[in-house]
1. Output the direction-averaged projected area (hull surface divided by four) of the convex hull of the alpha-carbon atoms of the chain, in nm².
2. Compare the peptides 56-62, 206-212 by average per-residue count of other Cβ atoms within 10 angstrom and give them in order, highest first.
3. Take the alpha carbon gyration tensor of the stretch 158-203, find the square roots of its eigenvalues, order them as a ≥ b ≥ c, and report rounded if a/c is under 1.5; if not, report prolate when a/b exceeds b/c, else oblate.
4. Shape verdict for the stretch 78-132, please, from the Cα gyration tensor: rounded (a/c under 1.5), prolate (a/b greater than b/c) or oblate.
5. Which cross-chain or sequence-distant (5 or more) residues have an amide H under 5 Å from the amide H of residue 112, H modelled 1.01 Å from N in plane?
6. Which whole-angstrom value gives the distance between the alpha carbon centres of the stretch 96-127 and the stretch 213-273?
7. Could you work out how far apart the two model spin labels at residue 162 and residue 196 are, taking each label as a point 7 Å from the Cα in the direction of the beta carbon, and quote it in nm?
8. Rounded to the nearest 5, what is the percent of antiparallel bridges among the DSSP beta bridges in the chain?
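The values are calculated or read from the model by the stated rules, or taken from the named source; none is laboratory data. Fair warning: this is a prediction, and the values are worked out from it, not measured in the lab. Here the Cβ is made from the backbone with ideal geometry for all residues, glycine too, and neighbour counts use every protein chain on show. These accessible areas exclude ligands, DNA and RNA; they are computed on the full protein's heavy atoms, side chains included. Shrake-Rupley method; radii C 1.70, N 1.55, O 1.52, S 1.80 Å.
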Amino acid sequence: MKDNTNLADYQKITDQQQTTWATGDFNEIARQNVGMAEALCQAADPHPGQRVLDVACGSGNLALVAARRYCQVAGIDYVPGLIERAQWRAAADGLEVDFRVADAQALPYPDASFDVVLSVYGVQFAPDQEKAASELLRVCRPGGKIGLAGPIPEGWSGDFFATHGRYAPPPPGVKPPLRWGTDEGLNELLGDGVRAIESKQLVSLQYYRSVGHALDVFCSYFGPTMRVLQKVDAETRQRFLGELKAVFGRYNQAANGAAIVENHYLQAVATRA
Ligand SMILES: C[S@@+](CC[C@H](N)C(=O)[O-])C[C@H]1O[C@@H](n2cnc3c(N)ncnc32)[C@H](O)[C@@H]1O
(Lines give C-alpha, C1' and ligand atoms only; values in the text may rest on other atoms or scores of the structure.)
Protein backbone atom coordinates (compact mmCIF):
# COMPACT_ATOMS: atom_id res chain seq x y z
CA MET A 1 0.00 0.00 0.00
CA LYS A 2 1.24 3.48 -0.82
CA ASP A 3 2.49 5.55 2.13
CA ASN A 4 0.95 9.03 1.86
CA THR A 5 2.48 10.47 5.04
CA ASN A 6 5.16 12.43 3.22
CA LEU A 7 2.75 13.66 0.55
CA ALA A 8 0.57 15.30 3.22
CA ASP A 9 3.63 16.92 4.85
CA TYR A 10 4.93 18.21 1.53
CA GLN A 11 1.57 19.82 0.79
CA LYS A 12 1.57 21.58 4.17
CA ILE A 13 5.15 22.76 3.71
CA THR A 14 4.41 23.90 0.15
CA ASP A 15 1.46 25.97 1.42
CA GLN A 16 3.62 27.56 4.12
CA GLN A 17 6.38 28.33 1.63
CA GLN A 18 3.87 29.82 -0.79
CA THR A 19 2.74 32.22 1.95
CA THR A 20 6.39 33.15 2.55
CA TRP A 21 7.12 33.83 -1.13
CA ALA A 22 3.87 35.82 -1.42
CA THR A 23 5.11 38.09 1.40
CA GLY A 24 6.83 41.26 0.24
CA ASP A 25 7.45 41.66 -3.49
CA PHE A 26 10.05 39.43 -5.11
CA ASN A 27 9.92 41.56 -8.24
CA GLU A 28 12.04 44.14 -6.37
CA ILE A 29 14.74 41.50 -5.83
CA ALA A 30 14.38 39.93 -9.28
CA ARG A 31 16.45 42.69 -10.95
CA GLN A 32 19.50 40.97 -9.40
CA ASN A 33 18.65 37.76 -11.30
CA VAL A 34 18.47 39.19 -14.82
CA GLY A 35 22.13 38.38 -15.59
CA MET A 36 21.69 34.76 -14.47
CA ALA A 37 18.57 34.43 -16.66
CA GLU A 38 20.44 35.81 -19.69
CA ALA A 39 23.41 33.48 -19.06
CA LEU A 40 21.24 30.39 -18.59
CA CYS A 41 19.22 31.12 -21.72
CA GLN A 42 22.45 31.54 -23.69
CA ALA A 43 23.80 28.22 -22.32
CA ALA A 44 20.62 26.21 -22.98
CA ASP A 45 20.25 28.05 -26.30
CA PRO A 46 16.56 27.65 -27.22
CA HIS A 47 16.06 28.46 -30.89
CA PRO A 48 13.31 30.72 -32.25
CA GLY A 49 10.02 28.82 -32.36
CA GLN A 50 11.06 26.27 -29.73
CA ARG A 51 8.83 25.67 -26.72
CA VAL A 52 10.40 26.96 -23.48
CA LEU A 53 9.14 26.67 -19.89
CA ASP A 54 10.38 28.91 -17.04
CA VAL A 55 9.67 27.03 -13.78
CA ALA A 56 9.09 29.18 -10.66
CA CYS A 57 9.43 32.20 -12.91
CA GLY A 58 8.70 34.88 -10.30
CA SER A 59 7.97 38.09 -12.22
CA GLY A 60 9.14 36.45 -15.45
CA ASN A 61 12.83 37.33 -15.94
CA LEU A 62 13.89 34.24 -17.84
CA ALA A 63 10.60 33.76 -19.70
CA LEU A 64 10.99 37.30 -21.08
CA VAL A 65 14.57 36.60 -22.20
CA ALA A 66 13.39 33.50 -24.11
CA ALA A 67 10.40 35.37 -25.57
CA ARG A 68 12.80 37.99 -27.00
CA ARG A 69 14.33 35.08 -28.98
CA TYR A 70 10.90 34.45 -30.60
CA CYS A 71 10.53 31.21 -28.63
CA GLN A 72 7.06 29.95 -27.62
CA VAL A 73 7.27 30.56 -23.91
CA ALA A 74 5.33 29.54 -20.81
CA GLY A 75 6.10 30.43 -17.20
CA ILE A 76 4.68 29.15 -13.94
CA ASP A 77 4.93 30.35 -10.35
CA TYR A 78 2.66 29.70 -7.37
CA VAL A 79 2.45 33.35 -6.29
CA PRO A 80 -0.45 34.99 -8.17
CA GLY A 81 0.89 38.54 -7.62
CA LEU A 82 4.20 37.64 -9.31
CA ILE A 83 2.40 36.03 -12.26
CA GLU A 84 0.34 39.19 -12.62
CA ARG A 85 3.53 41.27 -12.61
CA ALA A 86 5.08 38.94 -15.21
CA GLN A 87 2.00 39.44 -17.41
CA TRP A 88 2.34 43.24 -17.13
CA ARG A 89 6.02 43.08 -17.98
CA ALA A 90 5.37 40.95 -21.06
CA ALA A 91 2.55 43.25 -22.19
CA ALA A 92 4.74 46.34 -21.69
CA ASP A 93 7.40 44.83 -23.94
CA GLY A 94 4.91 43.50 -26.50
CA LEU A 95 5.98 39.91 -25.79
CA GLU A 96 3.72 36.87 -25.75
CA VAL A 97 4.18 34.48 -22.82
CA ASP A 98 1.65 32.05 -21.34
CA PHE A 99 2.11 32.79 -17.62
CA ARG A 100 0.13 30.60 -15.19
CA VAL A 101 -0.20 30.10 -11.44
CA ALA A 102 1.01 26.56 -10.69
CA ASP A 103 3.19 24.45 -8.42
CA ALA A 104 6.58 23.27 -9.71
CA GLN A 105 5.76 19.86 -8.16
CA ALA A 106 2.64 19.46 -10.36
CA LEU A 107 3.26 21.13 -13.70
CA PRO A 108 0.02 21.69 -15.65
CA TYR A 109 1.35 20.35 -18.97
CA PRO A 110 1.28 17.00 -20.79
CA ASP A 111 4.45 14.91 -21.07
CA ALA A 112 7.16 16.18 -23.45
CA SER A 113 5.47 19.59 -23.95
CA PHE A 114 8.71 21.59 -24.07
CA ASP A 115 12.01 21.60 -25.94
CA VAL A 116 13.72 23.50 -23.13
CA VAL A 117 12.82 23.64 -19.42
CA LEU A 118 14.61 26.24 -17.31
CA SER A 119 14.65 27.58 -13.76
CA VAL A 120 16.65 30.31 -12.03
CA TYR A 121 16.72 30.07 -8.22
CA GLY A 122 13.22 28.56 -8.42
CA VAL A 123 12.57 24.82 -8.61
CA GLN A 124 15.32 24.34 -6.02
CA PHE A 125 12.94 25.57 -3.29
CA ALA A 126 10.27 22.88 -3.80
CA PRO A 127 10.19 20.64 -0.70
CA ASP A 128 9.55 17.41 -2.60
CA GLN A 129 12.74 17.54 -4.63
CA GLU A 130 12.29 14.13 -6.26
CA LYS A 131 8.78 15.10 -7.47
CA ALA A 132 9.99 18.50 -8.73
CA ALA A 133 12.88 16.83 -10.60
CA SER A 134 10.55 14.23 -12.11
CA GLU A 135 8.24 17.02 -13.30
CA LEU A 136 11.13 18.82 -15.07
CA LEU A 137 11.98 15.53 -16.78
CA ARG A 138 8.37 14.66 -17.60
CA VAL A 139 7.52 17.89 -19.44
CA CYS A 140 10.82 18.00 -21.37
CA ARG A 141 10.88 16.08 -24.66
CA PRO A 142 13.57 13.41 -25.25
CA GLY A 143 16.67 15.20 -26.53
CA GLY A 144 15.46 18.51 -25.05
CA LYS A 145 17.38 20.61 -22.52
CA ILE A 146 16.90 21.19 -18.82
CA GLY A 147 18.81 24.21 -17.51
CA LEU A 148 19.17 25.35 -13.92
CA ALA A 149 20.85 28.26 -12.16
CA GLY A 150 20.86 28.02 -8.41
CA PRO A 151 22.53 28.59 -5.07
CA ILE A 152 25.58 26.66 -3.92
CA PRO A 153 26.70 25.84 -0.40
CA GLU A 154 29.69 28.23 -0.64
CA GLY A 155 29.91 32.01 -0.96
CA TRP A 156 27.09 34.55 -0.60
CA SER A 157 24.26 32.09 -1.36
CA GLY A 158 25.33 29.52 1.22
CA ASP A 159 26.09 32.18 3.83
CA PHE A 160 22.80 33.99 3.19
CA PHE A 161 20.64 30.85 3.40
CA ALA A 162 22.53 29.48 6.42
CA THR A 163 21.91 32.77 8.25
CA HIS A 164 18.17 32.49 7.60
CA GLY A 165 18.26 28.79 8.59
CA ARG A 166 19.69 29.64 12.03
CA TYR A 167 16.62 31.80 12.77
CA ALA A 168 13.96 29.87 10.82
CA PRO A 169 15.10 26.24 10.66
CA PRO A 170 13.81 24.29 7.64
CA PRO A 171 11.03 21.76 8.30
CA PRO A 172 12.36 18.37 9.45
CA GLY A 173 12.88 15.81 6.71
CA VAL A 174 13.15 18.35 3.88
CA LYS A 175 16.46 18.39 2.01
CA PRO A 176 18.04 21.83 1.55
CA PRO A 177 17.69 23.72 -1.79
CA LEU A 178 21.50 23.78 -1.87
CA ARG A 179 21.42 20.05 -2.76
CA TRP A 180 20.62 21.18 -6.33
CA GLY A 181 23.80 23.27 -6.23
CA THR A 182 26.15 20.28 -6.06
CA ASP A 183 27.05 17.82 -8.83
CA GLU A 184 26.20 14.95 -6.50
CA GLY A 185 22.73 16.35 -5.75
CA LEU A 186 22.05 17.06 -9.42
CA ASN A 187 23.04 13.52 -10.36
CA GLU A 188 20.76 12.07 -7.70
CA LEU A 189 17.85 14.21 -8.84
CA LEU A 190 18.16 14.15 -12.64
CA GLY A 191 20.66 11.33 -13.16
CA ASP A 192 18.73 8.57 -14.93
CA GLY A 193 16.55 10.97 -16.88
CA VAL A 194 19.38 12.80 -18.63
CA ARG A 195 22.21 11.88 -20.97
CA ALA A 196 24.69 14.41 -19.65
CA ILE A 197 24.85 17.25 -17.18
CA GLU A 198 27.25 20.10 -17.91
CA SER A 199 27.68 22.30 -14.88
CA LYS A 200 29.93 25.18 -13.95
CA GLN A 201 30.19 27.76 -11.23
CA LEU A 202 29.61 31.33 -12.38
CA VAL A 203 29.58 34.68 -10.64
CA SER A 204 26.66 37.07 -10.69
CA LEU A 205 26.95 40.57 -9.25
CA GLN A 206 24.21 42.24 -7.25
CA TYR A 207 24.17 46.05 -7.21
CA TYR A 208 23.00 48.22 -4.29
CA ARG A 209 23.63 51.80 -3.19
CA SER A 210 25.32 50.52 -0.03
CA VAL A 211 25.41 47.48 2.26
CA GLY A 212 22.70 49.19 4.34
CA HIS A 213 20.61 49.60 1.20
CA ALA A 214 21.01 45.88 0.36
CA LEU A 215 19.76 45.04 3.86
CA ASP A 216 16.81 47.46 3.48
CA VAL A 217 15.85 45.94 0.14
CA PHE A 218 15.74 42.41 1.57
CA CYS A 219 13.94 43.51 4.76
CA SER A 220 11.32 45.38 2.71
CA TYR A 221 10.70 42.99 -0.17
CA PHE A 222 12.21 39.51 0.28
CA GLY A 223 9.57 37.14 1.71
CA PRO A 224 11.90 34.71 3.52
CA THR A 225 13.74 37.60 5.27
CA MET A 226 10.46 39.32 6.16
CA ARG A 227 9.03 36.12 7.63
CA VAL A 228 12.03 35.74 9.96
CA LEU A 229 11.65 39.37 11.05
CA GLN A 230 7.93 38.81 11.76
CA LYS A 231 8.57 35.69 13.86
CA VAL A 232 11.40 36.67 16.21
CA ASP A 233 11.51 38.98 19.24
CA ALA A 234 13.14 42.43 19.13
CA GLU A 235 16.51 41.30 20.49
CA THR A 236 16.78 38.33 18.11
CA ARG A 237 15.72 40.63 15.26
CA GLN A 238 18.70 42.92 15.91
CA ARG A 239 21.08 39.94 15.99
CA PHE A 240 19.64 38.56 12.73
CA LEU A 241 19.91 41.98 11.03
CA GLY A 242 23.51 42.33 12.20
CA GLU A 243 24.43 38.90 10.80
CA LEU A 244 22.65 39.56 7.52
CA LYS A 245 24.42 42.90 7.10
CA ALA A 246 27.73 41.13 7.74
CA VAL A 247 26.90 38.58 5.01
CA PHE A 248 26.41 41.36 2.43
CA GLY A 249 29.57 43.06 3.70
CA ARG A 250 31.68 39.90 3.35
CA TYR A 251 30.96 39.57 -0.40
CA ASN A 252 30.94 43.29 -1.25
CA GLN A 253 33.51 44.12 -3.95
CA ALA A 254 32.93 47.89 -4.03
CA ALA A 255 35.31 50.23 -2.23
CA ASN A 256 33.38 53.50 -2.67
CA GLY A 257 30.44 53.04 -0.31
CA ALA A 258 28.26 51.25 -2.86
CA ALA A 259 27.66 47.51 -2.56
CA ILE A 260 28.52 45.17 -5.43
CA VAL A 261 27.90 41.76 -3.97
CA GLU A 262 29.59 38.75 -5.54
CA ASN A 263 27.34 35.70 -5.78
CA HIS A 264 28.85 32.39 -6.91
CA TYR A 265 26.19 30.03 -8.25
CA LEU A 266 25.88 26.80 -10.21
CA GLN A 267 24.66 26.78 -13.80
CA ALA A 268 23.79 23.34 -15.15
CA VAL A 269 22.45 22.25 -18.51
CA ALA A 270 21.38 18.64 -19.04
CA THR A 271 20.14 16.84 -22.14
CA ARG A 272 16.96 14.82 -21.60
CA ALA A 273 17.51 11.14 -22.33
C1 LIG B 1 14.21 33.45 -5.66
S2 LIG B 1 12.69 33.57 -6.53
C3 LIG B 1 13.22 33.45 -8.24
C4 LIG B 1 12.18 33.91 -9.22
C5 LIG B 1 12.63 33.94 -10.68
N6 LIG B 1 13.02 32.63 -11.16
C7 LIG B 1 13.76 34.91 -10.88
O8 LIG B 1 14.90 34.49 -11.11
O9 LIG B 1 13.50 36.13 -10.80
C10 LIG B 1 11.97 32.02 -6.20
C11 LIG B 1 10.61 31.85 -6.86
O12 LIG B 1 10.22 30.49 -6.77
C13 LIG B 1 8.82 30.43 -6.57
N14 LIG B 1 8.55 29.10 -6.03
C15 LIG B 1 9.13 28.50 -4.97
N16 LIG B 1 8.65 27.26 -4.82
C17 LIG B 1 7.73 27.07 -5.81
C18 LIG B 1 6.88 25.98 -6.16
N19 LIG B 1 6.86 24.85 -5.46
N20 LIG B 1 6.09 26.13 -7.24
C21 LIG B 1 6.06 27.29 -7.94
N22 LIG B 1 6.83 28.36 -7.64
C23 LIG B 1 7.66 28.24 -6.58
C24 LIG B 1 8.56 31.60 -5.64
O25 LIG B 1 7.22 32.00 -5.64
C26 LIG B 1 9.49 32.66 -6.22
O27 LIG B 1 8.84 33.43 -7.20
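1. 14.4
2. Averaged packing, sorted descending, gives the order 56-62, 206-212.
3. oblate
4. It comes out prolate by the Cα gyration axes.
5. 139, 140
6. Their Cα centres are 26 Å away from one another.
7. Going from the residue 162 label point to the residue 196 one covers 3.4 nm.
8. Of those bridges, close to 55 percent are antiparallel.
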